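Just so it is clear, none of the values below were taken in a lab; they were calculated from the coordinates. None of these values were measured; they are calculated from a predicted model. Heads up, the Cβs are rebuilt from the backbone with ideal geometry, glycines too, and the neighbour counts pull from every protein chain shown.
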Amino acid sequence: MGDNLGQYRKLLGIIAAAAFLALGACGDPPKLRVDRAVLVLSPVDSNPSALYFNVHGGPRDVRLLRVVSPSIIRSEMHESSKDTKSGVMTMTPLGQITIPARRKVEFKRGGKHVMMWGVNLRARRLGEIETEYIFSNGDRVLVNAVVQEADGTVPDERKAL
Ligand SMILES: [Cu+2]
């Protein structure tokens, strides 16, 4: 009887440990993060380039305040939309963008994007640019974005090296 009780207790211990591990795996809170960042260079140097990326929401709703980089002069968040009557694409500057908890917000061609002015030679040569996403909860997410020409090829300056 004593032996049985001991084994029963041991079994309970194993079940409790397994349940704890399972909770740990499922209970991880979602992490606010950014991926698939690509900066598409403007064919004309004086015109802004466009940054596209995905933001994955964390455990709570937050707002994306702005996106900065040490390799540019300035940036603005925009939304592209098509005028239903004329069919002409227009861009509107956006203020803060809500990133709902556990949801993905895509910045993509024909939609939301970040315009960047004055992309420096270093970023063009590296084919990569450091971008920082600043959120209303104080989170700052650093991501290296790929730098591409408008046709998807590597930047010209890189070829020239
Ligand atoms: Cu724009």
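Remark: spin-label model distance Glu79-Asn4 equals 6.9 nm, labels positioned 7 Å along the Cα→Cβ axis.
For Ser136, Ser46, Ser71, the sequence from fewest to most other C-beta atoms within 10 Å is Ser46, Ser136, Ser71.
3J(HN,Hα) along segment 125-130: 5, 6, x, 7, 9, 7 Hz, from the Karplus curve 6.51 cos²θ - 1.76 cosθ + 1.60 with θ = phi - 60°, whole Hz, x for Gly and Pro.
Each of Arg33 and Asp45 was given a label point 7 Å from its Cα along the Cα-to-Cβ line. The distance between the two points is 3.8 nm.
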